[in-house]
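None of the figures in this text is laboratory data; all of them are computed from the coordinates on show. If you're wondering where the values come from, they're calculated on a predicted model, not measured in any experiment. FYI the Cβ positions are ideal-geometry reconstructions off the backbone, even for glycines, and counts take in every protein chain you see.
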Amino acid sequence: MNEQKVVNLLGFASRMRKIIFGKDNIREYIRNPKRRKKFIIIASDVGESIKEDTIKRCQSHKVPYVLLSNYTKEQLGRALGKDEISVVGVLDENIVNGIKEVVNVGGDSIV
């Protein structure tokens, strides 16, 4: 998987204001049955409890996710114009499709 391409697509989504972050927002995003296409990206150095909680929720609601290995919270946040972001969701369906395509090409997907 080309993480740089994934982060570039996230940066584009951020400029369009089509990303979501924050514990409560992410939980609502994962649970929301009205949103058909979802994707969660998790930073490499996120806390163990946050990582486990997010992954369990994604698995129970069948939301695809990817755990970045080369991007810390600070680097991910910087790429999105924020301070630090542990977990981010994508609101734009076209960008979700683009990220899924990049992740699937790399073979590292948990989609």
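Tabulated data
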quantity	calculated
24 Å tail of the calculated P(r), the chain, as % of Cα pairs	12
Length gained when the stretch Asp53-Thr72 is fully extended (0.36 nm per residue, less Cα-Cα span)	5.0 nm
Potential lengthening between Gln4 and Lys34 on full extension [0.36 nm per residue; Cα-Cα distance subtracted]	7.8 nm
Residues Ile40, Ile85, sorted so that the one with the fewest Cβ neighbours within 10 Å comes first	Ile40, Ile85
Cα-based reach from Lys34 at 22 Å (exclusive), listing lysines while leaving out same-chain residues under 8 positions away	Lys18, Lys23, Lys56, Lys62, Lys100
Tensor-based shape of the range 46-111 (alpha-carbon gyration tensor, a/c under 1.5 rounded, otherwise prolate or oblate)	oblate
Prolate/oblate/rounded call for the range 1-54, Cα gyration tensor, a/c under 1.5 rounded	oblate
Inter-label distance, nm, simple model (7 Å from Cα along the C-beta direction), Ser44/Glu84	1.6
